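Below is one structure, written out as structure tokens; the observations come after it.
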Amino acid sequence: AKRRTIGMSISPDGLEVRAPRWVTVGEIESTLHEKADWIVRKLVEMQEHQRRLGEARIQWRDGVVLRYLGASLQVVLDSSPALKKNSAQLETLSADHAAETRYVLRIGLPTNASPEQIRDATQAWLMRRAKELFAERLDHFAPQLGVTWKRLSLSSAATRWGTASADGAIRLNWRLIHHKLDVIDYVVAHELSHLRVMDHSPQFWDTVKSVVPDYPERRRVLRDEPLAPWG
């Protein structure tokens, strides 16, 4: 590849090694031997990560439980006249001081609805709520950072939580709605900070820290607590 050094990356497919065209096979093999312990450890970690994702895969049926703002959200199918087909209504369940907040999302579908119908109706509601909440948080942090955002859109990217363009366009992954508000706020502040500093220099991280002092911990949650596969 067109690069200056030998690079390695671990993915669900295994180990990928990329090297400059002038590097010999022998040099690559030597590097692999030097990094053997790291490679094995990362492969094992990836296998465990994939195992956890497999166990967490969503089974779309009446009563399925998801995460919403860090709390549990139970999807209940309701074909009563009170709900239009595919519409949704959120209910907050009372919780005492020892229990977390819990939610119920009533979806206007019959109990024999297909998994695809349940998934699509639930996703449509979550995406609407995500866009509303993200806009609120952008409006909260933009004045603190001295920036102005122009446009918000949602993404379904597999690996990126957000992007920002110099023209003020912000793009955020709608699945952030599964995380707690403080994690969402970190991503929002991160992207708004790019409207001041477009790279990831120390100046950029100082900008993020000015509004989210504990951003490393919030960032760790995104890295270490993967969401269940959607599908």
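Computed from the coordinates by the stated procedures, all read-outs in this text should not be read as laboratory data. Quantities reported herein were computed from a predicted structural model and do not represent experimental measurements. With ideal geometry, Cβ positions are generated from the backbone for all residues, glycine too; neighbour counts draw on all protein chains shown.
Using 0.36 nm per residue, how much length does the chain from Asp206 to Glu16 gain when fully extended, once their Cα-Cα distance is taken away?
65.0 nm
If we sort 119-130, 187-198 on the protection proxy, mean other Cβ atoms within 10 Å, highest first, what's the order?
Result, highest mean first: 187-198, 119-130.
Taking the highest mean first, how do the peptides 40-48, 21-29, 175-183 order by number of other beta carbon atoms within 10 angstrom per residue?
Packing proxy ranking, top to bottom: 175-183, 40-48, 21-29.
Between the stretch 1-43 and the stretch 97-126, how many Å separate their Cα centres?
Spelled out, the Cα-based centre of one part sits 44 Å from the other.
Within the P(r) computed for the chain, what percentage of the Cα pairs occupies the region above 31 Å?
40 percent
Rounded to the nearest 500 deg cm²/dmol, what is the calculated helix-only ellipticity per residue at 222 nm for the chain, with -39500 (n - 2.57) per DSSP H run of length n ≥ 4?
-13500 deg cm²/dmol
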